Each structure stands twice: as C-alpha cells, then as structure tokens.
Amino acid sequence: MKKCPYCAEEIQAEAIKCKHCQSLINKEVVETKEISKNWLVSRIFGKNKFWGSTTALVIGILILVSGLNNPQGQGSSIYAGLAIIFGSIAYKSAKKRKLKIVQDTSLRKTLEIIALILIVAGTVFQNNLIINWVNDPFPNVIIPIWIIIAYLVVIIKKQK
Ligand SMILES: [Zn+2]
C-alpha cells in the first residue's frame with residue numbers, strides 16, 4: 001500500500017490511477033517525496049555531524065551583531081563573536097578533513113591554524129590584558145580556551 005499524493009488515501013502500491021480521486025499516479029512523484037522527506041529527517045537528526053559547529057556559528061554571529069549594535073564599547077562581545085565564528089569554521093573544516101569530506105590539504109590546515117592564532121592573538125594582545133581577563137573572563141578566557149580544546153579534540157579523536 002502507498003498513499004495517493006493527491007488525496008492522501010491508501011491505494012495499492014502498483015496503482016497508476018487513484019481509485020478515490022481518479023488522479024494518475026506518477027511513480028516518480030511518490031518516490032521523490034519519500035526521498036526528500038527522509039533526506040530532511042536525516043539532515044536534522046541523524047547524519048548531520050555538524051550541528052554543534054553550526055549552532056556555535058549562529059551563536060557567534062548573534063553575539064557579534066549584539067556587540068556591534070551596542071555603542072557602549074562592547075569590544076569583548078565583538079571579539080567573542082568573531083572568535084566563535086572563526087573557531088567554529090576552523091573546527092568544521094578540521095572535522096571535514098577527518099571525515100574525508102574535503103581534501104586534507106596543507107592550505108586548509110594553514111587557514112585553520114591562522115584562524116586559531118587570530119583567536120589567541122585577539123585575547124593576548126589587549127591593552128588592559130589582566131584587567132579584562134579578570135573582569136570579563138567569559139569572552140576573553142573561557143571562549144578562546146573552549147575553542148582551542150574543541151579543535152584539538154577533533155584533530156586527535158579518531159573518526160568512525
Ligand atoms: Zn487519490
């Protein structure tokens with residue numbers, strides 16, 4: 001049995017004409033609908049291995065936008081937003097190399113390392129380094145360390 005794509009009534013799998021609404025059933029239409037539904041489900045719940053870094057990227061953009069919209073010199077949230085954006089892209093790229101979705105080129109590795117160096121440099125080369133680290137540890141210390149650890153974990157961990 002299958003569902004008629006026009007009236008949603010149950011019909012025989014081999015039927016080429018629906019007995020309920022008299023529509024001509026094109027086999028391909030039914031199959032394509034099934035495939036795209038499964039594809040969407042697997043993208044959201046199953047085979048999408050990048051939901052973590054994609055979520056981080058979105059959060060990074062939101063933090064960056066909120067920092068840019070705040071005229072009260074929210075330098076740390078701009079930095080934190082950029083750090084999360086660079087970090088999640090580098091992480092995703094490293095994971096794609098591990099999973100052999102992309103080629104393991106030295107250019108790609110170099111760009112990942114540059115992104116990480118920018119993140120570290122952004123927090124180390126501040127004017128009021130110690131004051132910022134103590135007063136505002138979340139964007140200036142915790143986020144950079146978290147990004148570096150996440151990156152190292154994906155590099156070291158063996159992917160199935
Ligand atoms: Zn029908």
Being in contact with a helix residue (DSSP H, G or I) (Cβ under 9 Å, 6 or more places away or on another chain), over 30 Å from VAL124 (Cβ atoms), at pLDDT 85 or above and of a type in the set (D, E, K, R): is that true of LYS19 here?
no
Qualifying residues in the range 55-83 (those that are more than 19 Å from ILE145 (Cα to Cα) and not aliphatic (A, V, I, L, M)) - the one modelled with the lowest pLDDT
GLY73
Is one or more of the residues making up the range 99-106 in contact (Cβ under 8 Å) with a residue 40 or more places away in the chain, out of contact with any helix residue (DSSP H, G or I) (no Cβ under 6 Å at 6 or more places or on another chain) and either buried (at least 21 other Cβ atoms within 10 Å of the Cβ) or not acidic (Asp, Glu) (or both)?
yes
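Just to be sure before I move on: is GLU28 modelled with pLDDT of 90 or more and exposed (fewer than 13 other Cβ atoms within 10 Å of the Cβ) in the structure I sent?
So GLU28 does not fit the description; no.
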Output the number of the condition that THR110 fails; it satisfies all remaining conditions of (1) closer than 18 Å to LYS157 by Cα; (2) surrounded by fewer than 20 Cβ atoms within 10 Å (Cβ to Cβ).
(1)
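Residue by residue, here is whether (1) surrounded by 12 or more Cβ atoms within 10 Å (Cβ to Cβ); (2) assigned by TED's automatic domain parsing to the domain that holds LYS92; (3) in contact with a helix residue (DSSP H, G or I) (Cβ under 7 Å, 6 or more places away or on another chain) holds:
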position: PHE125; (1), (2), (3): no, yes, no
position: ASN128; (1), (2), (3): no, yes, no
position: ASN132; (1), (2), (3): yes, yes, yes
position: PRO137; (1), (2), (3): yes, yes, no
position: TRP146; (1), (2), (3): yes, yes, no
position: LEU152; (1), (2), (3): yes, yes, no
For the range 123-142, check the following and say yes or no: at least one residue is over 23 Å from the mean Cα position of the chain (by Cα) and among the hydroxyl-bearing types (Ser, Thr, Tyr).
yes
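The values are calculated or read from the model by the stated rules, or taken from the named source; none is laboratory data. Please read these numbers as outputs of a predicted model, since none were measured by experiment. Counting neighbours? That spans all protein chains shown, and the Cβs are built from the backbone with ideal geometry, glycine included.
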